[in-house]
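The values are calculated or read from the model by the stated rules, or taken from the named source; none is laboratory data. Quantities reported herein were computed from a predicted structural model and do not represent experimental measurements. Here the Cβ is made from the backbone with ideal geometry for all residues, glycine too, and neighbour counts use every protein chain on show.
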2 protein chains.
Amino acid sequence: MVTIGVDIGGTKIAAGAVDGRGEIIDRITRDTPGTDSDSVMTAIVEVIRTLQEEHAVTAVGVAPAGFVSSDRSRMLFSPNLALTGVAIRERVMKDVGCAVVVENDANAAGWAEYRFGAGRDTTNMVMLTIGTGLGGAVIANNTLIRGAFGVAGELGHLRLVPDGRPCNCGQFGCWERYASGTALEQIAQSGAVSQVERAGALLERADGVPHRITGHDVTYLADAGDEYCRELIATLGRWIGEGIAMVASILDPGQVVVGGGVAAAGELLLEPARTRYDELLSARSERPHLEICEATLGNDAGIVGAADLARH
Amino acid sequence: MVTIGVDIGGTKIAAGAVDGRGEIIDRITRDTPGTDSDSVMTAIVEVIRTLQEEHAVTAVGVAPAGFVSSDRSRMLFSPNLALTGVAIRERVMKDVGCAVVVENDANAAGWAEYRFGAGRDTTNMVMLTIGTGLGGAVIANNTLIRGAFGVAGELGHLRLVPDGRPCNCGQFGCWERYASGTALEQIAQSGAVSQVERAGALLERADGVPHRITGHDVTYLADAGDEYCRELIATLGRWIGEGIAMVASILDPGQVVVGGGVAAAGELLLEPARTRYDELLSARSERPHLEICEATLGNDAGIVGAADLARH
C-alpha cells in the first residue's frame, strides 16, 4: 500500500510516494513559495498530484514546520511558512481526493525514526532534529505524543538557561539557542573574533570575515580534524546532553535519536552529549541509562513519517 | 468489583478497599517500619490481609515511594523506604493470593486524579504532588507514561536552576528544591533570620526559633491573612509555574493538577503559579493555555490510583 508524505519546510517542499516498509519509491522536490498561503497551498497540491499520476495512493500525510492544531486540521502558527491559520487538511483534501493527515514536521521525522530508523526497537524514544533550529518529537508507550493542544515535543523551546540567550519565541534561554545550526554558527563567529589564532582554518574558509562563517564550515573542518572546530562541535554536544538530562527526568526515554544537518558531525557531537547527560542525570547510579544515537533516515525522515502516519 | 490500593510512604502505610467508581469503602493505616525490608513487607501484607478478611478482592495495587522497575516487579531505588532492590510484586503476590500491580506512589496519585478527580475530563494531564518533596505523574494520550526504565514523571528532579540548590539526588537546582514543603520551610526559616520585622507571627508560632518554623506554620498563617507568609507561598507558586512552563514545552498537557499537603494553600499558591507559567511560556500568544488547578482527592489519591491500576 503506497501513501504520499510531504515535508514542508521554509525553503523546500519534499514529497515522496512511500511503501509499507518505509521505502521511498518515488520523490519530487521544489522550492517553497515564500509569499502567501495560496501559493504555498498550490505548490503542496501540485507535488501531490504529480506523484498521484504515477501511483495509486490511499492517503496523504502533510508535515509542515510549525504548530498544528490538536485536531490536526489547521496551522496554529508557522513562523517560517506563510501558513498560519490555514485549514490545511481541508484545503489539501478538496484537491487531492483522498484522506489527508497533517502532522508537525519534527513529529513526522521522529515517527519515521521510531517506525523504520534508529528507534525501531524501542517503545519510548525522543527525537531531536538539529538543523537551523532544534525540533523535537516524543514517542511514549509506542505512541506519538501530541499533547492537549497539538504542540507537545517543542523541545527546542525547553528553557535550558534562565534569562539566557533571547529566542524568537519571545522567551530566553531556549534549548534551540544553544543546540542548533544557528547556535553553532554564532559561537563559531564569536570565536573567530575572540580567538583569531585558533580559528585560522575557519576564517580562511570565510575569506577572513567572521560573520561569513557557516555551521557547515564548522562541521566540514571538524570532520577534517581541525581542533578548534571540534571543540565548537563538542560545546554544542554538551548543550545537547544538558537538555537530554532534563527531558529524561520527565519522560525517561530508552533512546534519544539525533538527526538533522548538524547530526552529520556524528560522534564528535554525540560523545560530549553522552558525557554531559551522564553528569547531569538525577540519581544517576540508581537507574538504567538511555542511549544517544544518530538518526538513520537523514532528510527522508519527514517524508517517510508523514506517509506512515497517513497510512495508520 | 473491589480492589485494594496500598500507598506506602516513608512514615505511613495507608490501604483501602476501593470500588469501581474510585470510592474507598474501607481503609486501614499504620506506621511504616523504618528498619529493614522484611518488616516493611510484613506490614504491607498485613494491611492487605486485614482488608481481604472483609472484602472479596480480585487484585491489589501497591504504590511505594521510589523508582519502580519498568516491568513493575521490583524497587530500583527507594531512599525513604527500606525497599531498594526488593522484588516487591512477587513477595506480595505469594502472601495475598491474587494479582498484584506495583506502581510508584506519585504515578498512582496522578492516575487517580485523572480517572476520578480534577483531571477526569482531560486526555493529557500532569500531576504535581507537593508534600515534603515534589512528586510527578504524566498522563499523555489517556495513558500513564512510565518511560523505558519505569522512572518517567520524576518531575521533582527536573533541573530548574543550573548550579542551583543541591539536591539529594546528587544534582543541583532540581525543581523539588524550590517547590516543596521542604523548600517552603527553608525560605521561611531564612526569612525569619533576615527579615525579623516581617516574620513576627511566624517566629511567635515557633517560640522565636527560626529553625523550628515548619511549612505548616507558613500555610496556616498565610490562610489566616499574614502578609509575609502569603509572600512565601507566592514565591513557591512562582517556582511551580516556572517548572510548568518547561513541562509544557515537552508535553503540552491540557491540565496540571496540584496536590499534596502544600496544595492546601489553594489560590494563594496557584494564582502566582499561573502568572509565572504565563510569563515563561514559549510562543505564548500563538497557542491555547493549560489549566492549573487543585487536586480533589487529597491524601486518598495514592490508594485510589493503586487500586484502579490493579483493576485494569
Query raised in the report: What number of residues within the range B:179-208 satisfy the criterion of being under 15 Å from the mean Cα position of the chain (by Cα) and of a type in the set (Ser, Thr, Tyr)?
Result: 2
Query raised in the report: Mind checking which residues of the range A:148-158 are touching a Gly at 6+ places or on another chain (Cβ under 8 Å) and either surrounded by 24 or more Cβ atoms within 10 Å (Cβ to Cβ) or more than 7 Å from chain B (Cβ to nearest Cβ) (or both)?
Result: A:GLY153, A:GLU154, A:LEU155, A:GLY156, A:LEU158
Query raised in the report: Is it true that some residue in the range B:104-112 is closer than 25 Å to A:THR122 by Cβ, aliphatic (A, V, I, L, M), in the same structural domain as B:ASP31 (by TED's automatic domain parsing) and in contact with a strand residue (DSSP E or B) (Cβ under 6 Å, 6 or more places away or on another chain)?
Result: yes
Requested in this report: Inspect all residues belonging to the range B:239-247 and state whether any of them is crowded, with 20+ Cβ neighbours inside 10 Å, farther than 20 Å from B:GLY119 by Cβ and at pLDDT 95 or above.
Outcome: yes
Requested in this report: Consider only pairs whose beta carbons are under 9 Å apart and that are at least six residues apart or on different chains; among these, list those whose first residue lies in the range A:194-212 and is surrounded by fewer than 16 Cβ atoms within 10 Å (Cβ to Cβ) and whose second residue is not in a helix (DSSP H, G or I) and not aliphatic (A, V, I, L, M).
Outcome: A:GLY200/A:ASP226
Query raised in the report: Across the range B:271-297, which residue is surrounded by the fewest Cβ atoms within 10 Å (Cβ to Cβ) among those that are aliphatic (A, V, I, L, M) and more than 16 Å from the chain's Cα centre (by Cα)?
Result: B:ALA283
Query - Matching residues, the range A:34-61, being of a type outside the set (Ser, Thr, Tyr) and free of Cβ contacts under 8 Å to residues at least 40 places away in the same chain - result: A:ASP38, A:ALA43, A:GLU46, A:GLU53, A:GLU54
Query raised in the report: If you go through the range B:281-312, how many residues are at pLDDT 95 or above and within 14 Å of another protein chain (Cβ to nearest Cβ)?
Result: 4
Query raised in the report: Among (1) on the phi > 0 side of the Ramachandran plot; (2) away from every other protein chain (no Cβ under 14 Å); (3) not hydroxyl-bearing (Ser, Thr, Tyr), which single condition is A:GLY170 missing?
Result: (2)
Query raised in the report: In the range A:248-264, how many are crowded, with 24+ Cβ neighbours inside 10 Å and closer than 23 Å to A:PHE116 by Cβ?
Result: 7
Query raised in the report: Out of curiosity, is A:GLU176 within 14 Å of chain B (Cβ to nearest Cβ), in a helix (DSSP H, G or I), touching a Gly at 6+ places or on another chain (Cβ under 6 Å) and of a type outside the set (Val, Ile, Thr)?
Result: yes
Query raised in the report: in contact with a Ser or Thr (Cβ under 9 Å, 6 or more places away or on another chain) and modelled with pLDDT under 95, is that true of B:GLY191?
Result: no
Query raised in the report: Can you pull out the residues in the range A:72-85 that are of a type outside the set (S, T, N, Q) and within 12 Å of chain B (Cβ to nearest Cβ)?
Result: A:MET75, A:LEU76, A:PHE77, A:PRO79, A:GLY85
Query - Filter pass, B:VAL138 being modelled with pLDDT of 95 or more, facing another protein chain (nearest Cβ under 10 Å), touching a Gly at 6+ places or on another chain (Cβ under 6 Å) and buried (at least 20 other Cβ atoms within 10 Å of the Cβ) - result: yes
Query raised in the report: Do we have A:ARG72 as surrounded by 15 or more Cβ atoms within 10 Å (Cβ to Cβ), under 20 Å from the mean Cα position of the chain (by Cα) and of a type outside the set (Phe, Trp, Tyr) here?
Result: yes
Query raised in the report: Would you say B:ILE250 is free of Cβ contacts under 8 Å to residues at least 12 places away in the same chain and within 14 Å of chain A (Cβ to nearest Cβ)?
Result: yes
Report summary line: B:VAL161 passes all but one of the listed conditions (1) facing chain A (nearest Cβ under 7 Å); (2) of a type in the set (Val, Ile, Thr); (3) in a helix (DSSP H, G or I); the exception is number (3)
**Report entry** Meets criteria (within 22 Å of A:ARG287 (Cβ to Cβ) and part of a helix (DSSP H, G or I)) for B:GLU185
**Finding:** no
Query raised in the report: Any idea how many residues of the range A:5-36 are small (Gly, Ala, Ser), closer than 21 Å to A:MET93 by Cα and at pLDDT 95 or above?
Result: 5
Report summary line: B:GLY260 meets each of (1) in contact (Cβ under 8 Å) with a residue 60 or more places away in the chain; (2) over 18 Å from the mean Cα position of the chain (by Cα) with one exception, condition (2)
Report task. Mind listing whichever residues of the range B:67-124 are aromatic (Phe, Trp, Tyr) and modelled with pLDDT of 95 or more? Result -> B:TRP111, B:TYR114, B:PHE116
**Report entry** In the range B:237-247, the residues that are hydrophobic (A, V, I, L, M, F, W, C) and in contact with a Ser or Thr (Cβ under 8 Å, 6 or more places away or on another chain)
**Finding:** B:ALA245
Query raised in the report: Out of all the residues in the range B:103-135, which are among the small types (Gly, Ala, Ser), within 14 Å of chain A (Cβ to nearest Cβ) and farther than 25 Å from B:VAL92 by Cβ?
Result: B:GLY119
Report summary line: Of B:THR235, B:THR275, the only residue that is farther than 22 Å from B:GLU113 by Cβ and in contact (Cβ under 8 Å) with a residue 40 or more places away in the chain is B:THR235
